[in-house]
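Chemist: Let me begin by handing over the structure; questions about it come next.
The values are calculated or read from the model by the stated rules, or taken from the named source; none is laboratory data. On a predicted model such as this, the values are computed, not experimentally measured, just so you know. Positions of Cβ are generated from backbone atoms using ideal geometry, with glycine treated the same way; all protein chains shown enter the neighbour counts. Remember, those area values only see protein heavy atoms, side chains included, never the ligands or the DNA or RNA. Shrake-Rupley method; radii C 1.70, N 1.55, O 1.52, S 1.80 Å.
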Amino acid sequence: CPPLGLETLKITDFQLHASTAKRYGLGAHRGRLNIQAGVNENDFYDGAWCAGRNDPYQWIEVDARRLTKFTGVITQGRNSLWSSNWVTSYRVLVSNDSHAWTAVRNESGDVIFEGNSEKEIPVLNMLPVPLVARYIRINPRSWFEEGSICMRLEILGCPLPDPNNYYHRRNEMTTTDNLDFKHHNYKEMRQLMKTVNKMCPNITRIYNIGKSNQGLKLYAVEISDNPGEHEVGEPEFRYIAGAHGNEVLGRELILLLMQFMCQEYLAGNPRIVHLIEDTRIHLLPSVNPDGYDKAYKAGSELGGWSLGRWTQDGIDINNNFPDLNSLLWDSEDQKKSKRKVPNHYIPIPDWYLSENATVAVETRAIIAWMEKIPFVLGGNLQGGELVVAYPYDMVRSMWKTQDYTPTPDDHVFRWLAYSYASTHRLMTDARRRACHTEDFQKEDGTVNGASWHTVAGSINDFSYLHTNCFELSIYVGCDKYPHESELPEEWENNRESLIVFMEQVHRGIKGIVKDVHGKGIPNAVISVEGVNHDIRTGADGDYWRLLNPGEYVVGVKAEGYTAATKTCEVGYDMGATQCDFTISKTNLARIKEIMKKFGKQPISMSVRRLRQRSRQWQQQ
């Protein structure tokens, strides 16, 4: 049987009860598998249920609210930086009325189940035979001798059908999409991609961006009406997932999304057809397949909070990118500095490119991919929370660990984050319980990364400062590795958001920068008055600049060309405003071109003056 849903919050706080609690923050409502304590472990958000007394009469119980076939119990100790508490053995009791209780027994009496030997690794115990009841109670019998009675748990159980119960029928989530709702290992993921490509060969292409530490290829699927080529004027979008190998919901959502888009395109869904014809979409479901393999082998409930998070060589990919923030901010703070850092396309430091740098091969592959393709917008899907985080992810002050640190495009990022959160079924629901310790409702399911917790070298900050791409982190669920049975509901929670967020790539201005002969000018700098962050044109001279509705003074400059400005207006309707530029070469550039054509090199003005003075001295 699948989990009842303590970890996924399907079981509400009102369904959890306990004999006693040490304090509110250690109440029964905190006794959920993998729940995380706050840094301060305060009275509201702590990391387990802890009994008020240490004796064998304590208990925590779950009210399933209907008859349920209970089959197993998973336990953990208390999540804490400062203390060690776990239960080493316990009894299991069941009841239909919460008054008369029956213990799980075998031939020799009450079964004493073996609990935990440390606080983080989950331990599964299956009941000798399944038991049908409404309530289940865990009664600790022994605990770590230097600690106290504390535990987190999940209950495995199959709710029995009850056609007369309107409450349960109303709350059951179903999907009408005919998709492959299961967890896919590496081989199955590759096979699924092939199946989608076979179904939709005209709009899909499978390619890889590199290899993992263990040699597994990092496969991506491109969805476009002309797969394999960049079309002038068409923006490029990316979703990636699995940077933390144990956060697998994002991986499955991307695999479901590619199936869905293929099916809907074939069915003629005008919204999906329009999106595919006007956008080049890249889906990379597993950035860290080595880490995923570890988590997959443990299973959805038994990997704990971190098994498989890191790469094979122990690196957190999400924070493994160059810290360009410090370079930019140091340059801005030291105004007399000779070495000015641009506000965009900041080059990667030499030390990071050396072979001795602690950089994962997966990270290097992603960077090469980001530099090769002119992405405009991207989302990296993560797990363990339900919020959209936007840059900057790093605080500017070295003395703070949390501080709102906006980019020059803060209003655009906030809109992008809200576009996903507001269309998700749960993110902006004010009645929703916080996953762990943070309540993001005051920001409507969004958060500035640095105001949450500071991170140097995040993929979001790097993408913004080194490329044209605006990237956000999308945390798609409280449970990093939900049970297979939860996938249809998670798909329904995220499906509309995934599509709406892709559509935002068409918000703002776009255009082509050409010379007087109609040839596109690559690497031209596009600036917006009042926004201290520029972007550049691609190889064909085309560009896309994400902006909120409003009127903007847009400028363009390119080496050897005269600068130009014009006013461009962004409306509220979806679809970027066309804002093209035709610029001519400067006089000096034209002179250089003519002289080069006839085999002569132009003489710079300073050299010419020196020669003139030399002649005058000689004549004197």
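Chemist: Would it be correct to say that Val553 is open to solvent by 20 Å² or more (accessible area, probe 1.4 Å), β-branched (Val, Ile, Thr) and either assigned to a loop (DSSP other than H, G, I, E, B) or farther than 20 Å from Ser463 by Cα (or both)? Lay out the reasoning, then the answer.
Modeler: Values: open to solvent by 20 Å² or more (accessible area, probe 1.4 Å): yes; β-branched (Val, Ile, Thr): yes; either assigned to a loop (DSSP other than H, G, I, E, B) or farther than 20 Å from Ser463 by Cα (or both): yes.
Criteria met by Val553.
Chemist: Taking the conditions exactly as written (closer than 23 Å to Lys480 by Cα and not β-branched (Val, Ile, Thr)), does Asn202 satisfy them or not? Give the derivation first.
Modeler: Working: closer than 23 Å to Lys480 by Cα: no; not β-branched (Val, Ile, Thr): yes.
Considered against the rule, which asks whether it is closer than 23 Å to Lys480 by Cα and not β-branched (Val, Ile, Thr), Asn202 comes out as no.
Chemist: Would you mind telling me which numbered condition in (1) of a type outside the set (Phe, Trp, Tyr); (2) crowded, with 20+ Cβ neighbours inside 10 Å; (3) assigned to a loop (DSSP other than H, G, I, E, B) Glu471 fails?
Modeler: Unmet condition: (3).
Chemist: Would you check if Ala368 is aliphatic (A, V, I, L, M) and not in a strand (DSSP E or B)?
Modeler: On the way: aliphatic (A, V, I, L, M): yes; not in a strand (DSSP E or B): yes.
When the stated conditions are applied, Ala368 passes them.
Chemist: OK, next. Take the range 535-577 and flag every residue that is among the β-branched types (Val, Ile, Thr) and either outside the structural domain of His517 (by the TED database) or touching a Cys at 6+ places or on another chain (Cβ under 6 Å) (or both).
Modeler: Keep residues of the range 535-577 that are among the β-branched types (Val, Ile, Thr), which gives 535, 537, 553-554, 556, 562, 565, 567, 570, 577.
Val554, Thr577 - these are the residues of the range 535-577 that are among the β-branched types (Val, Ile, Thr) and either outside the structural domain of His517 (by the TED database) or touching a Cys at 6+ places or on another chain (Cβ under 6 Å) (or both).
Chemist: If I go through the range 261-304 residue by residue, how many of them are more than 21 Å from the chain's Cα centre (by Cα), in a helix (DSSP H, G or I), among the aliphatic types (A, V, I, L, M) and closer than 30 Å to Glu229 by Cα?
Modeler: Total meeting the criteria: 5.
Chemist: Please go through the range 434-457 and give me each residue that is open to solvent by less than 50 Å² (accessible area, probe 1.4 Å), assigned to a loop (DSSP other than H, G, I, E, B) and not hydroxyl-bearing (Ser, Thr, Tyr), ordered by number.
Modeler: Across the range 434-457, the qualifying residues are Ala434, Cys435, His436, Phe440, Gly445, Val455, Gly457.
Chemist: Right, here's the next one. Considering only the range 95-112, I want to know if a residue exists there that is open to solvent by less than 70 Å² (accessible area, probe 1.4 Å), closer than 14 Å to Ser142 by Cα, more than 31 Å from the chain's Cα centre (by Cα) and not assigned by the TED database to the domain that holds Gly304.
Modeler: Among the residues of the range 95-112, at least one is open to solvent by less than 70 Å² (accessible area, probe 1.4 Å), closer than 14 Å to Ser142 by Cα, more than 31 Å from the chain's Cα centre (by Cα) and not assigned by the TED database to the domain that holds Gly304, which makes the answer yes.
Chemist: Among the numbered criteria (1) surrounded by fewer than 16 Cβ atoms within 10 Å (Cβ to Cβ); (2) modelled with pLDDT of 95 or more; (3) of a type in the set (S, T, N, Q), which single criterion is violated by Asn42?
Modeler: The failed condition is (2).
Chemist: Please determine, by comparing only the residues of the range 244-260 that are of a type in the set (D, E, K, R) and part of a helix (DSSP H, G or I), which one is surrounded by the fewest Cβ atoms within 10 Å (Cβ to Cβ). First the steps, then the outcome.
Modeler: Within the range 244-260, the first condition is being of a type in the set (D, E, K, R), and the residues that meet it are 247, 251-252.
Retained after the next criterion (residues that are part of a helix (DSSP H, G or I)): 251-252.
Values: Arg251: 26, Glu252: 28.
Filtering first and then ranking leaves Arg251.
Chemist: Right, something else. List the number of the failed condition for Glu154; all other conditions in (1) modelled with pLDDT of 95 or more; (2) open to solvent by 40 Å² or more (accessible area, probe 1.4 Å); (3) of a type in the set (Asp, Glu) hold.
Modeler: In the conditions (1) modelled with pLDDT of 95 or more; (2) open to solvent by 40 Å² or more (accessible area, probe 1.4 Å); (3) of a type in the set (Asp, Glu), Glu154 misses (2) alone.
Chemist: Same structure again: For a quick check of your reading of the model, give me the residue pairs whose first member lies in the range 427-445 and is touching a residue at least 40 places away in the same chain (Cβ under 8 Å), whose second is β-branched (Val, Ile, Thr) and open to solvent by 30 Å² or more (accessible area, probe 1.4 Å), with beta-carbon atoms closer than 7 Å and at least 6 apart or on different chains.
Modeler: Between residues of the range 427-445 that are touching a residue at least 40 places away in the same chain (Cβ under 8 Å) and residues that are β-branched (Val, Ile, Thr) and open to solvent by 30 Å² or more (accessible area, probe 1.4 Å), the close pairs are Gly445/Thr428.
Chemist: On to the next question. For the range 52-101, how many residues are charged (D, E, K, R) and in a loop (DSSP other than H, G, I, E, B)?
Modeler: At the first step, the residues of the range 52-101 found to be charged (D, E, K, R) are 53, 55, 61, 63, 65-66, 69, 78, 91, 97.
Adding the requirement that they be in a loop (DSSP other than H, G, I, E, B) leaves 53, 55, 78, 97.
Of the residues in that region, 4 qualify.
Chemist: Quick one: which residue in Glu231, Glu236, Glu252 is in the same structural domain as Asn320 (by the TED database), closer than 24 Å to Val500 by Cβ and without any contact (Cβ under 8 Å) to a residue 60 or more places away in the chain?
Modeler: Values: Glu236 fails: without any contact (Cβ under 8 Å) to a residue 60 or more places away in the chain; Glu252 fails: without any contact (Cβ under 8 Å) to a residue 60 or more places away in the chain.
Only one candidate qualifies: Glu231.
Chemist: Contact list please: Cβ distance under 8 Å, first residue in the range 315-328 and closer than 22 Å to Gly379 by Cβ and in a helix (DSSP H, G or I), second residue among the charged types (D, E, K, R) and open to solvent by less than 20 Å² (accessible area, probe 1.4 Å), pairs at least six apart or on different chains.
Modeler: Ile317/Glu362; Leu324/Asp461; Asn325/Asp461
Chemist: While we're looking at this one, here's another question. Kindly indicate whether Ser83 is under 16 Å from Trp143 (Cα atoms), modelled with pLDDT under 95, hydroxyl-bearing (Ser, Thr, Tyr) and out of contact with any His (no Cβ under 6 Å at 6 or more places or on another chain). Full working, then the answer.
Modeler: Values: under 16 Å from Trp143 (Cα atoms): yes; modelled with pLDDT under 95: yes; hydroxyl-bearing (Ser, Thr, Tyr): yes; out of contact with any His (no Cβ under 6 Å at 6 or more places or on another chain): yes.
Spelling it out, Ser83 is indeed under 16 Å from Trp143 (Cα atoms), modelled with pLDDT under 95, hydroxyl-bearing (Ser, Thr, Tyr) and out of contact with any His (no Cβ under 6 Å at 6 or more places or on another chain).
Chemist: If you go through the range 1-18 one residue at a time, how many are assigned to a loop (DSSP other than H, G, I, E, B) and crowded, with 18+ Cβ neighbours inside 10 Å?
Modeler: Step one: of the range 1-18, the residues assigned to a loop (DSSP other than H, G, I, E, B) are 1-2, 4-12.
With the extra rule that they be crowded, with 18+ Cβ neighbours inside 10 Å, the set shrinks to 4-9, 11.
Here the count works out to 7.
Chemist: For the range 502-547, give me each residue that is of a type in the set (Asp, Glu) and either without any contact (Cβ under 8 Å) to a residue 24 or more places away in the chain or open to solvent by 60 Å² or more (accessible area, probe 1.4 Å) (or both).
Modeler: To start, the set of residues in the range 502-547 that are of a type in the set (Asp, Glu) comprises 503, 515, 529, 534, 540, 542.
Those that are of a type in the set (Asp, Glu) and either without any contact (Cβ under 8 Å) to a residue 24 or more places away in the chain or open to solvent by 60 Å² or more (accessible area, probe 1.4 Å) (or both): Glu529, Asp540.
Chemist: Any residue at all in the range 173-186 that's under 20 Å from Arg425 (Cβ atoms), of a type in the set (A, V, I, L, M), open to solvent by less than 50 Å² (accessible area, probe 1.4 Å) and modelled with pLDDT of 95 or more?
Modeler: no
Chemist: Have a look at Gln601, Gln620, Gln616 and point out the one that is modelled with pLDDT of 70 or more, more than 30 Å from Pro549 (Cβ to Cβ), among the polar types (S, T, N, Q) and not assigned by the TED database to the domain that holds Thr279. Spell out the reasoning first.
Modeler: Values: Gln601 fails: modelled with pLDDT of 70 or more; Gln620 fails: modelled with pLDDT of 70 or more.
Going through Gln601, Gln620, Gln616 in turn, just one is modelled with pLDDT of 70 or more, more than 30 Å from Pro549 (Cβ to Cβ), among the polar types (S, T, N, Q) and not assigned by the TED database to the domain that holds Thr279: Gln616.
Chemist: Let me ask something else. Among the residues that make up the range 375-397, is at least one of them among the acidic types (Asp, Glu) and assigned to a strand (DSSP E or B)? Walk me through how you get there before you give the answer.
Modeler: Kept after step one, since they are among the acidic types (Asp, Glu), are these residues of the range 375-397: 385, 393.
Narrowing further to those that are assigned to a strand (DSSP E or B): 385.
So far as the range 375-397 goes, yes, one or more of its residues are among the acidic types (Asp, Glu) and assigned to a strand (DSSP E or B).
Chemist: Only residues that are open to solvent by less than 40 Å² (accessible area, probe 1.4 Å) and more than 30 Å from the chain's Cα centre (by Cα): list them for the range 118-141, please.
Modeler: Once the filter is applied, which keeps residues that are open to solvent by less than 40 Å² (accessible area, probe 1.4 Å) and more than 30 Å from the chain's Cα centre (by Cα), the range 118-141 yields Asn125, Leu127, Ala133, Tyr135, Ile136, Arg137, Ile138, Asn139, Pro140.
Chemist: Right, next: Being open to solvent by less than 10 Å² (accessible area, probe 1.4 Å) and under 27 Å from Ile35 (Cβ atoms) narrows it down to one of Ala220, Ala241, Ala298, so name that one.
Modeler: On the way: Ala220 fails: under 27 Å from Ile35 (Cβ atoms); Ala298 fails: open to solvent by less than 10 Å² (accessible area, probe 1.4 Å).
That would be Ala241, the only listed residue that is open to solvent by less than 10 Å² (accessible area, probe 1.4 Å) and under 27 Å from Ile35 (Cβ atoms).
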